[in-house]
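A quick write-up on the structure given underneath.
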Amino acid sequence: MHYYSLGKQSPNVDFKTAAITGQAPDKGLYFPTTIPQFTKEQIERFKTLDKASLAFEVMKPYVGDTIDDTSLQQICAETIHFDFPLVPITDKISALELFHGPTLAFKDVGARFMSRCLGYFSKEAKAEKIKLTAQRESEQQSESEHSIEKTLTYSKPSTVLVATSGDTGGAVANGFLGVESVEVIILYPKGKVSPIQELQLTTCGQNITALEVEGSFDDCQAIVKDAFMDAQLNTAYHLTSANSINVARWLPQQLYYFFAWQQWVASYGDQMPMHIVVPSGNFGNICAGMMAKASGLPLGHFVAACNANNVVTRYLQTGNYEIHKSVTTVSNAMDVGNPSNFVRIMEIMQNNFESLQKGLSSYSYDDASTAATIQRVYKNNNYILDPHGAVAFLAAEQFIKEQEVTHAIILETAHPVKFPEVVEAAIGQTIDIPASVQFLLDKEKIAIPMEASYQAFKAWMLGKVSV
Ligand SMILES: *Cc1c(COP(=O)(O)O)cnc(C)c1O
């Protein structure tokens, strides 16, 4: 399996190179040269396969031979080591709860898979270096010196730089904690993440460093973007990104759809189509679902639920793709003005607008409807939605009504406790903190204060490397 750049100006690479570099040299996103096709027999077997084996079978074609089977089995088993229950909310709408991972948001799966892949590749490079050094000592040949040079640069530890509005940082910190030869630097906007999110970012220690930036999420993201373009920093560090642009974070998200489908056919049989509503920001998650469908998983229609940041909703209505500066909403993980994975969706749809309209719908809702929905669903159905799930719930209701279908599922992408302000105001009571994150409350926050300036960030990075 190889990957080509959607920028079309860079050479094809294997999974390893795509995972290590994140983006192609031409700044395009990587996309698989062929989408693996599962046979009817495989799909039939998938119905009852255990989660870890299913994860391995889905990921294996994408990883190819860059990771040996035993290691990939272990990576998959660790990645999905928690529950993904499909829970009925009403008689028409069920929630696939993706918040049972260590940081209570769906980004755990992608972050855990990617971190373990990078850990595997850096261990492999280290072993290779030791082998070559030994070879040089015994042979003293100039030829092998050349290859040592090459390996040395390749095995320079990776530095993952990531800007977060909340959920990504926690998932990446948790996923990469203790991974050898990988250092993680997280930039987050001071005072703009929720208390639990901040603890998840700032209490890891070890190879994880949090920078508390005096500015907005956009400022954090601008610093990270500048860093990737900075030749001096890229000489000092082997920088890589951990957002859904990276295939190692994007592709494992397909697994949710396989797990949902297993539970769906167990409840409803395999004749009723499973329509799926996905709260969308950068469109990585929904795009992964569309890949799963393109590879043969019999899924129904896809619906992208959006907040006021509704470039795609409007595109589907008007045919005009107009990007905007993002606006702040209560479902802040979807505050994206220019969704980076949309080009991948267009690639799946062979860049055909009519195919896109056939496979994807989108609806957009404002903050007032979001809060009212959290309140209503709590009152009527005794289910606490988070703001992102609430946007999806609204979209599911509208889709069911307009298309006259009987059922849809929504992806519940985060635990409501991560957004206490809006959820607690809507339901009129406090939310219990799950036992799995209670321990964070006793931990000490450690963050490095940073002004929102690229110069300040760069000076800090360069100071770090010379020590
Ligand atoms: C990241 C995130 C989203 C958006 O996912 P995309 O893959 O960027 O579309 C939705 N909900 C929550 C809670 C998130 O953290």
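Taking Val311, is it open to solvent by 10 Å² or more (accessible area, probe 1.4 Å), within 16 Å of the ligand (Cβ to nearest atom) and out of contact with any strand residue (DSSP E or B) (no Cβ under 8 Å at 6 or more places or on another chain)? Spelling it out, it is not the case that Val311 is open to solvent by 10 Å² or more (accessible area, probe 1.4 Å), within 16 Å of the ligand (Cβ to nearest atom) and out of contact with any strand residue (DSSP E or B) (no Cβ under 8 Å at 6 or more places or on another chain). Can you find a residue in the range 349-361 that is open to solvent by less than 20 Å² (accessible area, probe 1.4 Å), at pLDDT 95 or above and over 23 Å from Tyr315 (Cβ atoms)? No. Any idea which residue in the range 97-122 is nearest to the ligand (Cβ to nearest atom), counting only those that are open to solvent by 10 Å² or more (accessible area, probe 1.4 Å) and farther than 20 Å from Val247 by Cα? Here the answer is Phe99. Would you please name the residue that is modelled with the lowest pLDDT, looking only at residues in the range 93-137 that are of a type in the set (Ser, Thr, Tyr) and in a helix (DSSP H, G or I)? Checked the range 93-137; the qualifying residue modelled with the lowest pLDDT is Thr133.
Go through the residues of the range 320-327 one by one and say whether even a single one is open to solvent by less than 30 Å² (accessible area, probe 1.4 Å) and not hydroxyl-bearing (Ser, Thr, Tyr). Looking for residues that are open to solvent by less than 30 Å² (accessible area, probe 1.4 Å) and not hydroxyl-bearing (Ser, Thr, Tyr), one finds none in the range 320-327, hence no.
Restricting attention to the range 448-467, which residues are touching a helix residue (DSSP H, G or I) at 6+ places or on another chain (Cβ under 7 Å), open to solvent by 30 Å² or more (accessible area, probe 1.4 Å) and aliphatic (A, V, I, L, M)? Passing the criteria: Ala452, Leu462, Val465. The requirement of being assigned by TED's automatic domain parsing to the domain that holds Ala308, closer than 28 Å to Thr168 by Cβ and within 14 Å of the ligand (Cβ to nearest atom) is satisfied by Leu385. In this structure, Ala266 does not satisfy being assigned by TED's automatic domain parsing to the domain that holds Lys51, within 16 Å of the ligand (Cβ to nearest atom) and of a type in the set (A, V, I, L, M).
For the range 78-91, which positions are open to solvent by less than 40 Å² (accessible area, probe 1.4 Å) and either in contact with a Lys or Arg (Cβ under 6 Å, 6 or more places away or on another chain) or within 14 Å of Val109 (Cβ to Cβ) (or both)? Answer for the range 78-91, where residues must be open to solvent by less than 40 Å² (accessible area, probe 1.4 Å) and either in contact with a Lys or Arg (Cβ under 6 Å, 6 or more places away or on another chain) or within 14 Å of Val109 (Cβ to Cβ) (or both): Thr79, Ile80, Phe82, Phe84.
The values are calculated or read from the model by the stated rules, or taken from the named source; none is laboratory data. In this text, all values refer to a predicted model and were calculated from it rather than measured experimentally. Glycine also receives a Cβ, built like all others from the backbone with ideal geometry; neighbour counts cover every protein chain displayed. Accessible surface is based on the protein model in full, side chains and every heavy atom, while ligands, DNA and RNA are left aside. Shrake-Rupley method; radii C 1.70, N 1.55, O 1.52, S 1.80 Å.
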